[in-house]
Amino acid sequence: MRFDVFTLIPDAVQAYLSSSILGRAQARGTIRIELHNLRQYTHDRHRTTDDMPYGGGGGMVMKPEPVFEAVENVLGPDLGSVPVILLTPQGHVFDQRLAAGLAAYPRLALLCGRYEGVDERIRQHLASLEISIGDYVLTGGEIPALAIIDAVARLLPGVLGDEGAAADDSHATGLLEYPHYTRPADFRGWSVPEVLTSGDHARVAAWRREQSLRRTLERRPDLIAHAPLSASDRQVLARLAAETRTKPTDARD
Ligand code: ADE
């Protein structure tokens, strides 16, 4: 899968992309990430990418010309078939479902805004999708672009070491993930739950599912309504709900 990132600060973005899992996935050719410096698509002496807003007011606005020229040049004949994603706090809020949807495309273009915002004509006539990573405002779209590349890339076959590793993730199942433990079995007197060292795979699976349900019920009850639940999940949830009713304080474990 190929990602094209349009940004004014490619060096900052590059540092993260070359490390660890994403760096290795690029080296193997599983993903390709091209960074495009928007400033290279300016033609004036000062390489201007922003200007004052019509109508006055504070803040600068990203000019349309370099952005259109960059995206049109890089995408060429693929413009129109490749989603052009504008990162903006006004966009659809990103989640695991959107990540899975984007992972189905062979190529994505990510357009990082800076300054107060981008000229409205970029939204109207260039971007095909606007995405926000949450209800807070950052100084630019670079961190959101990295978050999207990371979340999408790790869903692609061959990016994570263990093929099944993404399947149990928090949110992938519609629930939060169960707790993980590694060695030592006893750390400062805090021991690993007995079931995990029992070697009984069915008991481990049942324990993990229950922990997942318990965690989601406690921390994100809003997710339960939309999660795909089996009849036995519903029984577990009914028991957990009854437990909390009879144990009003210290319901952590
Ligand atoms: N640019 C600034 N803030 C943002 C956010 N929350 N999501 C996406 N792009 C942004």
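The values are calculated or read from the model by the stated rules, or taken from the named source; none is laboratory data. What you see is a predicted model, and the numbers here were worked out from it, not measured in a lab. Here the Cβ is made from the backbone with ideal geometry for all residues, glycine too, and neighbour counts use every protein chain on show. Ligands, DNA and RNA are excluded from the accessible area calculation, which covers all protein heavy atoms including side chains. Shrake-Rupley method; radii C 1.70, N 1.55, O 1.52, S 1.80 Å.
Once amide H atoms are placed 1.01 Å from N in the peptide plane, what residues at a sequence separation of 5 or more from Asp50, or on another chain, have their amide H within under 5 Å of its amide H?
Correct list: Lys63.
Determine the gain in length on full extension of the stretch Asp200-Arg39; use 0.36 nm per residue of separation and subtract their C-alpha separation, reporting nm with one decimal.
Working: separation 161, 0.36 × 161 = 57.96 nm, distance 5.89 nm.
Extra length available between Asp200 and Arg39 comes to 52.1 nm.
How many nm is it between the label spots at Glu69 and Val192, if each spot is 7 Å from the Cα in line with the beta carbon?
5.9
Give me a comma-separated list of calculated 3J(HN,Hα) values for region 143-160, in order, Karplus coefficients 6.51, -1.76, 1.60 applied at θ = phi - 60°, integers in Hz, x for any Gly or Pro.
Ordered by residue, 3J(HN,Hα) equals 5, x, 5, 5, 4, 5, 4, 4, 5, 6, 4, 5, 8, 7, x, x, 7, 8 Hz.
Say each of Tyr16 and Arg220 gets a label point 7 Å from the Cα, pointing the same way as Cα to Cβ; how far apart are those two points in nm?
Placing both labels 7 Å beyond Cα along the Cβ direction yields 1.9 nm.
Magnitude of the Cβ-charge dipole of the chain, K/R +1 and D/E -1, about the Cα centre, nearest 20 debye?
Values: 28 positive and 33 negative charges, 132 e Å.
Roughly 640 debye, rounded to the nearest 20.
Largest first, please: the extent of the C-alpha atoms of region 133-201 along each principal axis, to the nearest Å.
For region 133-201, the Cα spread along each principal axis is 47, 30, 21 Å.
Out of Met52, Ser81, Ala172, whose Cα points farthest toward the positive end of the dipole of the chain (charges: +1 Lys, Arg; -1 Asp, Glu; placed on Cβ)?
Ala172
In what order, largest first, do Ile224, Ile21 sit by accessible area if the probe radius is 1.4 Å?
Details: Ile224 30, Ile21 65 Å².
Of Ile224, Ile21, the descending order of accessible area is Ile21, Ile224.
Computing the accessible area with a 1.4 Å probe over protein heavy atoms, can you report the carbon and sulfur percentage for the chain? Display every interim value, and only then the final one.
On the way: 7770 of 14840 Å².
About 52 percent, which is the carbon plus sulfur part of the accessible surface.
Can you list the HN-Hα couplings for region 75-86, worked out from phi with the Karplus curve (6.51, -1.76, 1.60; θ = phi - 60°), rounded to whole Hz and with x for Gly and Pro?
Calculated HN-Hα couplings, in order: 7, x, x, 7, 4, x, 9, 8, x, 9, 9, 8 Hz.
Could you provide, to the nearest whole Å², the per residue accessible area of region 2-153 with probe 1.4 Å?
Value for region 2-153: 52 Å² per residue.
Which far-off residues, 5 or more places away or on another chain, put their amide H under 5 Å from the one on Glu177, with H placed in the peptide plane?
Those lying under 5 Å, H to H, from Glu177 are Ser170, His171.
Output ³J(HN,Hα) for region 27-42: one whole-Hz value per residue in order, computed from phi by the Karplus curve 6.51 cos²θ - 1.76 cosθ + 1.60 with θ = phi - 60°, and x for Gly and Pro.
4, 6, x, 5, 10, 10, 10, 10, 9, 10, 7, 4, 5, 5, 9, 9
For region 186-246, report the translational diffusion coefficient in µm²/s to the nearest whole number, using Stokes-Einstein at 25 °C, 0.890 mPa s, and a Kirkwood Rh over Cα pairs. Before the final figure, lay out each step's value.
Details: Rh = 13.1 Å.
Approximately 188 µm²/s, per Stokes-Einstein.
Please list, by residue number, everything in region 84-106 whose backbone N is under 16 Å from a paramagnetic label point 7 Å out along Cα→Cβ of Asp135.
89-95
Tell me, how many Å apart are the Cα centres for region 1-79 and for region 140-186?
Distance between centres, Cα-based: 26 Å.
Excluding the sites themselves, what is the longest stretch of the chain that contains no trypsin sites (Lys or Arg not before Pro) in a DSSP loop with at most 14 other C-beta atoms within 10 Å? Intermediate results must be reported in sequence, preceding the final value.
On the way: sites that count: Arg45, Arg47, Arg188, Arg252.
Counting at most 14 other Cβ atoms within 10 Å as exposed, the longest clean stretch of the chain is 48-187.
Distance between Cα centroids, region 190-236 to region 81-112: provide it in whole Å.
31
Can you pull the three principal axis extents for the Cα set of region 2-153, in Å, largest first?
47, 34, 29
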